[in-house]
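Note sheet for the following structure.
The values are calculated or read from the model by the stated rules, or taken from the named source; none is laboratory data. Treat the numbers as computed from the prediction; the structure is a model and nothing was measured. Quick reminder, even Gly has a Cβ in these numbers, built from the backbone with ideal geometry, and neighbours come from all protein chains shown. Quick note on the areas: whole protein, heavy atoms, side chains included, nothing else; ligands and nucleic acids left out. Shrake-Rupley method; radii C 1.70, N 1.55, O 1.52, S 1.80 Å.
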Amino acid sequence: MAEHEEPGSARRSRKGWHLAVLAVSVACGFFFVSANVSSAGLDLRPAGGDISTVLSDRARAVEQRQQRAAELQEDIDELTQQVSSTRDLDEARAHVHELEPRSGFSPVVGPGVQITLSDAPRDVEVPDGLDPNFLVVHQQDIQAFVNALWAGGAEAITLQGQRLISTTGIKCVGNTVVLDGVPYSPPYVIEAVGDPWELTGALDDSAEVATYRDWADRYELGYERKVFREVNAPAYQGSLNLQHAEVLN
């Protein structure tokens, strides 16, 4: 005689089957979401070959570039050795070293002179018709003294403690003087390293300096000259970039 399943058992069996299907569906959904997150929404196996092939191609490319870099470095080393071993280069380096003090790239210490220039006092009596600008120190005045000192054989010259070189620009802006972009107010102190006798003689022989001294006597422009056993001229610290240049014949 056949056995009959109880209605309650059948319901439990169908319920268990539904739960199993639901569990499988949830698991599949979880794996799909995980794969999507891991690949950032992209294909985990992009076209163009498998990962081992991609890595192999990258490794060969890197190896080729490393080999090329090594070859170039060998060329550089060989050329450097050729240049470093030439007598002409050694002589050029020695010549550059000799020129460093005069070019301004190394400090210079020695006997010299100090010139101090300053504007006339504000309460000085200005004659009728005289431009008040004549009673202040201008860039032309400073340049006159600097040029005279160079002519006198100065080894190094400073203005306001800053080393002057061939490319130094001195400009007058209002009642200040701008030196390499930095404004300075009077008094203006010029110091030169060199033979004091030669330097003072060059100052006395300069017509431009004589003109300034004449105005200083008339209208109380400041002028003072001193001789020192030791004057310190620091190395030039400004910019070396040239913006304009012209060949002089």
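Of note:
- Cβ-Cβ contacts under 6 Å between residues 6 or more apart (or on different chains), taken from a first residue in region 182-209 that is free of Cβ contacts under 8 Å to residues at least 40 places away in the same chain to a second residue that is open to solvent by less than 40 Å² (accessible area, probe 1.4 Å) and among the aliphatic types (A, V, I, L, M), are listed as Tyr184/Val177.
- Scanning region 216-225 for residues that are open to solvent by less than 60 Å² (accessible area, probe 1.4 Å) and in contact (Cβ under 8 Å) with a residue 24 or more places away in the chain returns Tyr219, Leu221, Gly222.
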